[in-house]
Amino acid sequence: MPMLAGRVDFVIGVDTHKQSHTAAAVDALGGVHHVTSISTDIAGYRSLLSWARAVAPGRRVWAVEGTGSFGAGLTVHLLEAEEWVCEIDRPERPARKAGAKSDEIDALRAAREALARTHLAQPRRRGEREAIRVLKVTRRQAVRVQSQAVSQLKALLVNAPDELRSRLRGLSSAELISHCARLHLQCSRGPEWRATLIALRATARRAQMAEAEVDQLERELAELVGTHTELIAEMGVGTVVAAQLLASWSHPGRFRSEAAFASLAGAAPIPASSGQVTRHRLNRAGDRDLNCMLRTVVLTRLRHDPRTQAYRARRRAEGKSDREIERCLKRYIARHMFRVMEGRGA
């Protein structure tokens, strides 16, 4: 049975964009009542709420696309006004005759999608969770810049003058960066030598700056996630892993069950049985960053946790492949971490 059946009188679907939002109010049967558009500023949010109170009085729910991106400002405003808001992914769009597409159509589709669903997702919270998210995203970009700088530095050495290449050959990555960052220009050696030195020094200093940013951002993350002592105490859960878990989970009660959290993480098994074979396969959907962090925990425990090692040996004896074992472990880790974050223990 749809979750909203008998619980609301109106559903307001919102199609969000950078400069404008379009909202459509439908009744409990999906009939269209009103459609409007607003600008994405505080005045627009206030006018939309006033419009909703006028055209959709009584019990209502907002079905907002992109509550964590273009719809974030509207979502915060509605929650502060104690409105019921649910998060709608981009609705499934059937083949459109003659390519029919508009903001009004998308807003209506969001509202009717909410009416048909058996479960509705709560928007992620702002505050500490959003602070963790922005630091985590920025750190990941800094790590990427550092990695690219190191790769570029080594690539520059391939075609560097022989004398310079022989001086730098055999150095580790850290030693190479440190040495190249201190290079001095020698104009008397010719334009190729000078240009190569400039490129090596600039690239090495970029790598150093990115590394310093990574360290600073990780310290800030550690301060934020350090209050979640039960989570940090888990084997394989460091600052970065804890940050991703908390950013995806958001707050207590957002997920209806640990199975829903596992589904978000792409750790829920997918049946792949046929004939006399009964098995499940890996889930390629969901939050892939969260799935990657679960895999990090699994690999750490496979190296250092005797219980996990014993589990792998037992499952191998049963004929399970290593990929299937990893899938099972990620499902267990997702269940366990969810209970820890919800405060329910193991």
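Every number here is computed from the coordinates shown, using simple stated rules; none is lab data. Everything numeric here is computed off the predicted structure, so don't read it as measured data. As a convention, Cβ positions derive from the backbone with ideal geometry for all residues, glycine included, and neighbour counts pool all protein chains shown.
Here are some notes:
- Residue 219/residue 279 FRET efficiency (R0 56 Å; Cβ-Cβ; nearest 0.05): 0.80
- Label-point separation in nm, residue 83 to residue 53, each point 7 Å along Cα→Cβ: 1.1 nm
- Net length available on complete extension from residue 174 to residue 5 is 54.7 nm, with 0.36 nm assigned per residue and the Cα-Cα distance removed.
- Kirkwood-based shape ratio for segment 199-346, expressed as Rg/Rh from alpha carbons: 1.06
- Reduced Cα scattering model of the chain, Debye log10 I(q)/I(0), q = 0.09 Å⁻¹: -0.72
- With the simple model of a label 7 Å out from the Cα in the direction of the Cβ, residue 151 to residue 208 spans 2.4 nm.
- Between segment 165-190 and segment 1-68, the alpha-carbon centres lie 61 Å apart.
- Binning the alpha carbon pair distances of segment 10-116 at 10 angstrom intervals from zero yields the distribution 16, 54, 26, 4, 0, expressed in whole percent.
- Once the Cα-Cα distance is subtracted from the 0.36 nm per residue extended length, the residue 101 to residue 140 segment shows a gain of 10.5 nm.
- Between segment 277-312 and segment 211-259, the Cα center-to-center distance that results, in Å: 18 Å
- The relative contact order of the chain, computed from alpha carbon pairs under 8 Å that lie at least 6 residues apart in sequence, is 13 percent.
- Considering only beta bridges that DSSP places wholly inside the chain, some 65 percent are antiparallel.
- Antiparallel bridges, percent of DSSP beta bridges restricted to segment 10-116 (to nearest 5): 60 percent
- Bins of 5 Å from zero: percent of alpha-carbon pairs in segment 250-295: 5, 22, 23, 21, 14, 9, 5, 2, 1
- Projected-area average for segment 128-225 over all orientations - Cα convex hull basis, square nanometres: 6.7 nm²
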